[in-house]
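Student: Before I ask anything, let me first share the structure, which is written out below as structure tokens.
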Amino acid sequence: MTENNEYNVIGKRVPKVDAREKATGAAIFGHDLRLPGMLEGKILRSKRAHANFTIDISKAEKIPGVVAVITAETYPHVKNLGFLQDNPALKKGKVCSYRDEIAAVAAVNPETAEDAINAIEVEYEDLPNVCDIEFACMENAPVLHEHAPDNILKHRYDFVHGDPEKALEEADFKVTSTYRLQYVAHCCMEPCFAAAQWDGPDRLTVYSTTQIPHLMQRDLGRVLGIPAAHIRIKQMVIGGAFGSKLDTYPYEIITCLLAKKTGRPVRIAFDREEEFIASVTRQPAVITVSHGCTKDGKLTARIFDAVLDNGSNSSWGATTPHIMANPVSSLYKVENVRMKAKMVYTNNAYAGAFRGYGNPQATFAIESNLDELAKVAGIDPLELRRRNFNEPGETTPQDLKITTCGMKECTEAAVEAIDYDKPLEEWEGVGFANMIHVGGGARIYLSDGSGVTVKVDDFGRVVIITGATEIGQGTDTAMAMIASEELGVPLENISILNSDTDYGMWDAGVHASRTTFIVGNATLRACRMVKEQLIEAAAKKMKIEPGKVVFEKGVFYPEGGSPEDGMKVDKVARSMHFRRQGKHPMATYYYDPPNELQDMKTLKGNVSSTYAYGTHACRVKVDPETGKVKILKFVAAHDVGKVINRQGIEGQLHGGIAQGIGYALMEDMVFEDGKLLNPNLLDYKLVMARDMPPMELIFIETDDPEGPYGAKGIGEAGLIPTAAAIANAVESAIGARIRDLPITPEKVLAAIRGVK
Amino acid sequence: MGLTLPEIEIHEPENLKEACALLKKLGRNARILAGGTDLIVDLKEKRAKVSHLVSLAEIVDIDRIKKDGKALSIGAGATANRIAANSMVARFLPALVDACNSMASYHIRNLATIGGNIASAVPSADLPPILIVADAKVELQGPRGKRKVKLENFFKGPRRTDMKPGEVLTRIIIPAQPKKSGSSYHKFALRNATALAVAGVAARVEMEKGLIKKAAIALGAVAPTPKLAKRAAAALRKKKPSRELFEKAAAIAVRESKPISDIRGSAEYRRDIVEVLTRRALEDAVARARGKKRK
């Protein structure tokens, strides 16, 4: 395919198209929205982890300024939420976690709403807490939900290829270890928000920060019992999501119910503490991994057994094993593989989607365990990987079809940049880890598609109309760059219209690193269709064959002629429709990638149309007296297919690495009997600028045949191998393996003393 | 959950007399507002419940840093960033600059005041340990006049001090530091910015003929109040500085600490950290006393 320098815009460094409005405060986020007559909604949550309760709202209702108080009794026909439909928006008679919604109020201002919440009287009859997955699985453990008498979700995962147990038995070297992954929070800059307004009994408009506008339309219709065709979702500018807004949640239903009850617009806006307590988390897990290899270091067996704390109800966290199966089955060549996962109800918080969707957890366990295997086998960890690299053309045990694959190139580039063979000083360590992730969409619904309409107006302005969602990842900029490249129009003459289900076409939502790939392909193809229309019109105007029209940098001119005599896009556009029986230059393309819905039982199928690879490597120095880990240098080499926006992809990776370092070293939601002890940004430690190491980014361009200009999705990749790379480097520094995240100074110090 | 501030009346007296009178009148219904970086959070989260705030913003010179004879006087309203940028402070007690820069974040240090950091009496506060080893006093202005209290005697418990109703902490007086002395503050936190101390240790040593003439060690975040480790300091007297000596003193300091386990660290880990920080603080203080640059 084409070389980098053949593009005018693609591959260049471009500031995000929405950067100025966000940086200057001009962007209207949900929390900024004020609709005429809008009321403030607020939710009363449980003050127990597990209890039966009775409720009296009469005092709250009498407070002046309170317009409505609702409970589960108010709208008894509202259906449950969650992919297992086990989560009522308002709980009736029993709570199973501190985040459980008991009642809600709508009042004229936030202060009155808070007063009303405090005036609701709840009497609890405590039930025994089940806050530990091992306890939850015991025979006589208290039961959370009648539909799961053993506290285990009916829905399980069991993937097998070959005979892993026999292969492990026969392996020359083998190792088995258990890894524990903590709860972490998305910490979006903007906490959860929803506003709802009814026009008549069944016309509903929701102002939302959702990542899934079209699926939300469907969810709301089903849960509220009205036709989805009567629902319009308008997305606000979204202050971060990272997967947390991939589901429809109780607070969103409650907002709609309060608006219905009051006949006025209602908003619910979380503060930071509520965001910590009542939004979803990354899925915590206990993972036991075994690997076996021959004496030459050829991997022969991998067995992966995960137990997930499902919390009190089910959101997407319970489906993360679906994606864990990708690295388990396909990271390096392993002939015999098994993955088992079960999800256990507890009185803890429940998890949702979070950047990487189970893959960071699985990769941490696998890549830590491979370093352990290397040690047992007496093979250098790098050499062990080299003997088992994935390759182009491979079909993996899960039937993933590997087209382009930069694993080898990423690994070699990363270890070179980190100077892997350089002798280590005392308490210094070096480590790395690899990853595989979906890079060409992920078919997890019947459709993985997205529709884009591109129109060109009389003034040469290009408008891209899409159902895709910008959550800060930079896809609006990528779409504008693609249109600029194809139609020769400067970026400032391009606008993106998204954020409204009334005009945006179906999009499966922003997840699975899919938007630049899927919507990029739809935009590219729609632009090319418009370009053909323009070329045809220009040919007519110039009275030549369309094949003789040259289109360059926004100018059409005859072959052999000069651009100075040519016609610009706006003039050609006008020539098309300022006439009788005219046509408007516009085109719609609906792109659905060539990937497969996996069989839910066998988990086999080519879920993505291409796969992204990457290697993180780092050098650390440990303070042996305090246990503090300092990262001296961090290298991230990624197979990105092709860079679209260099500045955007750098931002994605820098952000991913920061989240990955947080996951590895600092971030931890500390629960005690189901209660979160650190629901604030002081005690929940995100990494800050002064914690960030020097970073070197390396882009491996494998030019994927299916990607737009060869690009792969890269949104999640930046944090997937980070924690494993750091854990491996820490082991190299101190000679002890830490298998529980986060790797705190206290754990490191204890590990150092354990070695002595 | 605290999205909203309760209704609060803000008073802005223009002099200390007025401020003291107001505070006396309002009693438990009022708090003094300086930088507000602790107080506003406490009000939102309903840990502090008052209906009046008496702001010090309009009081002239409450933030002044000046020489007072041989001593240095720092107005209670001086922000951490102003103190850290002040050349007199840098000459007088460079470790105070280090302590200021270790606090919170740059943005918070633009607002947070030295008076607030002391009067809030949070056990993990960064400024008290270094001020205590420097023999600092605080000046309190009450309705009936002024009094001075040695900082080491000022703290009575977590968030409890010697201040009486109607009193305002007006300034901190740091006496001239002895010749051939050096001080340091070492803090350990779980993040490089915006993090409370897991432990903090300040040390001052005074040298004479190659021996330690006098020493002081103060511990932060490992007891209900910032605390002098007097026996550890006594063990250094008239001794030649050495790693072994500092390790011995550090081990004594650990026994003088009374840490608790909380979300930032277990009591056991805090004792480990006190030991490390005490030794490192002493090494630095001696290096400074000998006129050597810090590592």
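The values are calculated or read from the model by the stated rules, or taken from the named source; none is laboratory data. Keep in mind the model is a prediction, meaning the values are calculated, not measured. Note that we place each Cβ from the backbone using ideal geometry, even for glycine, and neighbour counts take in every protein chain shown.
Student: With A:K174, A:K260, A:K245 as the choices, which residue is in contact (Cβ under 8 Å) with a residue 24 or more places away in the chain, among the basic types (K, R) and in a strand (DSSP E or B)?
Tutor: The unique qualifying residue is A:K174.
Student: Would you point out which residue out of A:V344, A:V328 is assigned to a helix (DSSP H, G or I), in contact (Cβ under 8 Å) with a residue 12 or more places away in the chain and not polar (S, T, N, Q)?
Tutor: A:V328
Student: Another one. With the structure loaded, tell me whether B:R47 is within 14 Å of another protein chain (Cβ to nearest Cβ) and either farther than 26 Å from B:P143 by Cα or out of contact with any strand residue (DSSP E or B) (no Cβ under 7 Å at 6 or more places or on another chain) (or both) or whether it fails that test.
Tutor: Spelling it out, B:R47 is indeed within 14 Å of another protein chain (Cβ to nearest Cβ) and either farther than 26 Å from B:P143 by Cα or out of contact with any strand residue (DSSP E or B) (no Cβ under 7 Å at 6 or more places or on another chain) (or both).
Student: Restricting attention to the stretch B:240-259, which residues are touching a helix residue (DSSP H, G or I) at 6+ places or on another chain (Cβ under 9 Å), more than 14 Å from chain A (Cβ to nearest Cβ) and in a loop (DSSP other than H, G, I, E, B)?
Tutor: Of everything in the stretch B:240-259, those that are touching a helix residue (DSSP H, G or I) at 6+ places or on another chain (Cβ under 9 Å), more than 14 Å from chain A (Cβ to nearest Cβ) and in a loop (DSSP other than H, G, I, E, B) turn out to be B:P241, B:S257, B:K258.
Student: Kindly check whether there is at least one residue in the stretch A:405-423 that is under 22 Å from the mean Cα position of the chain (by Cα) and of a type in the set (F, W, Y).
Tutor: There is no residue in the stretch A:405-423 that is under 22 Å from the mean Cα position of the chain (by Cα) and of a type in the set (F, W, Y).
Student: Conditions: (1) in contact (Cβ under 8 Å) with a residue 40 or more places away in the chain; (2) farther than 30 Å from A:V415 by Cα. A:P624 meets all but one. Number of the miss?
Tutor: Failing condition for A:P624: (2).
Student: Looking at the stretch B:53-108, what helices (runs of 4 or more DSSP H) fall wholly within it and have at least 2 residues that are touching a residue at least 40 places away in the same chain (Cβ under 8 Å)?
Tutor: B:94-102
Student: Another question, if that's okay. Determine if the stretch B:63-79 includes at least one residue that is of a type outside the set (S, T, Y) and within 30 Å of A:N678 (Cα to Cα).
Tutor: no
Student: Also: How about the stretch A:663-677: which of its residues are buried (at least 18 other Cβ atoms within 10 Å of the Cβ) and either more than 10 Å from chain B (Cβ to nearest Cβ) or in a loop (DSSP other than H, G, I, E, B) (or both)?
Tutor: A:Y663, A:A664, A:E667, A:D668, A:M669, A:F671, A:G674, A:K675, A:L676
Student: Consider A:E169 against the criteria (1) over 30 Å from A:A26 (Cβ atoms); (2) crowded, with 21+ Cβ neighbours inside 10 Å: it satisfies all of them except one. Which criterion is unmet?
Tutor: Unmet condition: (2).
Student: Further question on the same structure: So is A:D570 out of contact with any helix residue (DSSP H, G or I) (no Cβ under 7 Å at 6 or more places or on another chain), surrounded by 13 or more Cβ atoms within 10 Å (Cβ to Cβ) and either part of a loop (DSSP other than H, G, I, E, B) or in the same structural domain as A:I465 (by TED's automatic domain parsing) (or both) or not?
Tutor: Yes: the conditions hold for A:D570.
Student: Any residue that is in a loop (DSSP other than H, G, I, E, B) and in contact (Cβ under 8 Å) with a residue 40 or more places away in the chain - is there at least one of those in the stretch A:220-227?
Tutor: Among the residues of the stretch A:220-227, at least one is in a loop (DSSP other than H, G, I, E, B) and in contact (Cβ under 8 Å) with a residue 40 or more places away in the chain, which makes the answer yes.
Student: Scan the stretch B:260-271 and give yes if some residue there is in contact (Cβ under 8 Å) with a residue 60 or more places away in the chain, assigned to a helix (DSSP H, G or I) and under 21 Å from the mean Cα position of the chain (by Cα), otherwise no.
Tutor: Yes: one or more hits.
Student: Just for strands (runs of 3 or more DSSP E) wholly inside the stretch A:68-170: which have at least 1 residues that are within 14 Å of chain B (Cβ to nearest Cβ) and not hydroxyl-bearing (S, T, Y)?
Tutor: Fully inside the stretch A:68-170 and qualifying: A:101-107.
Student: Can you tell which of A:V569, A:V643 is among the hydrophobic types (A, V, I, L, M, F, W, C) and within 36 Å of the chain's Cα centre (by Cα)?
Tutor: Criteria check complete, one pass: A:V643.
Student: Next question, about the same structure. Starting from residues that are at the interface with chain B (Cβ under 7 Å from one of its Cβ atoms) and part of a helix (DSSP H, G or I), keep the ones in the stretch A:678-691 and report whichever is farthest from the chain's Cα centre (by Cα).
Tutor: Checking each candidate, the answer is A:R690.
Student: Among the residues of the stretch B:29-41, are any among the hydrophobic types (A, V, I, L, M, F, W, C), buried (at least 19 other Cβ atoms within 10 Å of the Cβ) and in contact with an Asp or Glu (Cβ under 7 Å, 6 or more places away or on another chain)?
Tutor: No, every residue in the stretch B:29-41 fails to be among the hydrophobic types (A, V, I, L, M, F, W, C), buried (at least 19 other Cβ atoms within 10 Å of the Cβ) and in contact with an Asp or Glu (Cβ under 7 Å, 6 or more places away or on another chain).
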